[in-house]
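A quick write-up on the structure given underneath.
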Amino acid sequence: MAEIGPTDKKYLNNKMKQHTSDYVRLMLLYKYGGFWMDASILVKHPEELFDKVCEEYKTTYFDVFLFEYELHRSGLQFHDKTFENWFIGAPKNSIFIRDFLEEYKRALAMSLLKYKKEVLIPEKVNLKHLLDPNNDEDVYLTQHAILRKLLKDHPSRYSILYSIAEDSMFKLSLTCKWNNECFYQQLISNANNDDLYGVKIYRHHREHINRKGEEAVNDLLSKFYD
């Protein structure tokens, strides 16, 4: 955490740990470029993910690489897409990451609830599948809402490369209809995992697996990577 300076700390005082993580990923990506990947992602075939994105960048410049959750597309317009923040690739000093970070700083400085009520809702940012306008405790996916706001405000500013999350990262979850035990069994069976370059393990999946104990977690990892 040596990269967190006094200027950064003012945005992070008394914030939930996931909001600190949300801030740090943008700060590091803007300063250094590269990839941010949450620890809850299992990568089976890194060459199909990292190498593919890097090769694409050599021929076609882009400001950011993201995953889209296509089933949560809320409309036909591009800015209504649901882009995820658990995997982000970007060049150093990306204008997209710069704008994303500055808007997130604004939200943190205001408080995420105030930002939702005084910015997102009045500006008619589409919050479907992200935030409940009537629930004051629902601010968890503020970064996802900010992504929609940026694309709504600046429809032509950014060059975005993206992949569909359902093709790999969410494939097992959707196959199991988000059932936790089914997801766990699919992972350890390794029957259909060779065609997946990576798997995102969502919070309720992680909680279910962790309740099984350390031995089950280690067994899952060994069989998935077998």
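The values are calculated or read from the model by the stated rules, or taken from the named source; none is laboratory data. Given the structure is predicted, the values throughout are model-derived calculations rather than measurements. No Cβ is skipped: glycine too gets one built from the backbone with ideal geometry, and neighbour counts run over all protein chains shown.
Filtering region 31-72 down to residues that are part of a loop (DSSP other than H, G, I, E, B) and of a type in the set (Phe, Trp, Tyr), which residue is nearest to Arg98 (Cα to Cα)?
Taking region 31-72 as the starting set, the residues that turn out to be part of a loop (DSSP other than H, G, I, E, B) are 33, 38-40, 44-45, 49, 60-63, 69.
Next, from what is left, pick out any that are of a type in the set (Phe, Trp, Tyr): 61-62, 69.
On the way: Tyr61: 16, Phe62: 14, Tyr69: 23 Å.
Here the answer is Phe62.
Could you run through region 199-226 and say how many residues are within 21 Å of the chain's Cα centre (by Cα), at pLDDT below 90 and surrounded by 14 or more Cβ atoms within 10 Å (Cβ to Cβ)?
1
Restricting to region 112-171, name every residue that is surrounded by 17 or more Cβ atoms within 10 Å (Cβ to Cβ) and among the polar types (S, T, N, Q).
Once the filter is applied, which keeps residues that are surrounded by 17 or more Cβ atoms within 10 Å (Cβ to Cβ) and among the polar types (S, T, N, Q), region 112-171 yields Asn126, Thr142, Gln143, Ser163, Ser168.
Tell me whether region 157-168 contains one or more residues that are more than 30 Å from Phe96 (Cβ to Cβ) and not in a loop (DSSP other than H, G, I, E, B).
Filtering region 157-168 for residues more than 30 Å from Phe96 (Cβ to Cβ) gives none.
No, region 157-168 has no match at all.
Within 30 Å of Tyr184 (Cα to Cα) and surrounded by fewer than 19 Cβ atoms within 10 Å (Cβ to Cβ) - does that describe any residue in region 53-68? So that I can check it myself, show each step before the final result.
Just the residues of region 53-68 that are within 30 Å of Tyr184 (Cα to Cα), to begin with: 53, 65-68.
From the residues that got through so far, the ones that are surrounded by fewer than 19 Cβ atoms within 10 Å (Cβ to Cβ) too are 53, 68.
Yes, some residue in region 53-68 is within 30 Å of Tyr184 (Cα to Cα) and surrounded by fewer than 19 Cβ atoms within 10 Å (Cβ to Cβ).
Can you pull out every residue in region 170-197 that is outside any loop (DSSP other than H, G, I, E, B) and in contact with a Phe, Trp or Tyr (Cβ under 8 Å, 6 or more places away or on another chain)?
Pass one, region 170-197, residues outside any loop (DSSP other than H, G, I, E, B): 171-175, 180-189.
Scanning region 170-197 gives Leu172, Ser173, Leu187, Ile188.
Return yes when Leu187 is at pLDDT below 90, under 21 Å from His45 (Cβ atoms) and surrounded by fewer than 16 Cβ atoms within 10 Å (Cβ to Cβ) and no when it is not.
Working: at pLDDT below 90: yes; under 21 Å from His45 (Cβ atoms): yes; surrounded by fewer than 16 Cβ atoms within 10 Å (Cβ to Cβ): no.
The answer is no for Leu187.
Within region 156-183, track down each residue that is of a type in the set (D, E, K, R) and more than 15 Å from Val64 (Cα to Cα). It would help to see each step written out before you state the result.
We begin by selecting, within region 156-183, every residue of a type in the set (D, E, K, R); these are 157, 166-167, 171, 177, 181.
Listed by number, the residues that qualify are Glu166, Asp167, Lys171, Lys177, Glu181.
Give region 119-169 a look and list any residue that's of a type in the set (A, V, I, L, M, F, W, C), over 20 Å from Arg25 (Cβ atoms) and touching a residue at least 60 places away in the same chain (Cβ under 8 Å), or say none. Spell out how you get there, then give the answer.
Here is the first cut: in region 119-169, the residues of a type in the set (A, V, I, L, M, F, W, C) are 119-121, 125, 127, 130-131, 139, 141, 145-147, 150-151, 160-161, 164-165, 169.
Okay, now just the ones that are also over 20 Å from Arg25 (Cβ atoms), so 119-121, 125, 127, 164.
The answer is Ile164, and nothing else.
So which of Asn193, Asn126 ends up being of a type outside the set (Ser, Thr, Tyr), touching a Gly at 6+ places or on another chain (Cβ under 9 Å) and under 28 Å from Phe35 (Cα atoms)?
Numbers: Asn193 fails: touching a Gly at 6+ places or on another chain (Cβ under 9 Å).
Going through Asn193, Asn126 in turn, the sole match is Asn126.
All but one of (1) closer than 28 Å to Val53 by Cβ; (2) surrounded by 14 or more Cβ atoms within 10 Å (Cβ to Cβ) hold for Asn180, so report the exception by its number.
The single condition Asn180 does not satisfy is (1).
So which residues in region 208-226 are acidic (Asp, Glu) and free of Cβ contacts under 8 Å to residues at least 12 places away in the same chain? Explain how you work it out, then say what you get.
Here is the first cut: in region 208-226, the ones acidic (Asp, Glu) are 214-215, 219, 226.
Result: Glu214, Glu215.
For region 172-200, give me each residue that is charged (D, E, K, R) and either farther than 21 Å from Asp219 by Cα or assigned by TED's automatic domain parsing to the domain that holds Lys52 (or both). If you could, list the steps in order and put the result at the bottom.
We begin by selecting, within region 172-200, every residue charged (D, E, K, R); these are 177, 181, 194-195, 200.
If the condition is that a residue be charged (D, E, K, R) and either farther than 21 Å from Asp219 by Cα or assigned by TED's automatic domain parsing to the domain that holds Lys52 (or both), then Lys177 is the only one that fits.
Could you give me the residue pairs with C-beta distances under 7 Å whose first residue belongs to region 16-27 and is in contact (Cβ under 8 Å) with a residue 24 or more places away in the chain, whose second residue is hydrophobic (A, V, I, L, M, F, W, C) and not in a helix (DSSP H, G or I) wherever it lies, and which are 6+ apart or on separate chains?
That search, which allows pairs on different chains as well, returns Arg25/Trp36; Arg25/Ile88.
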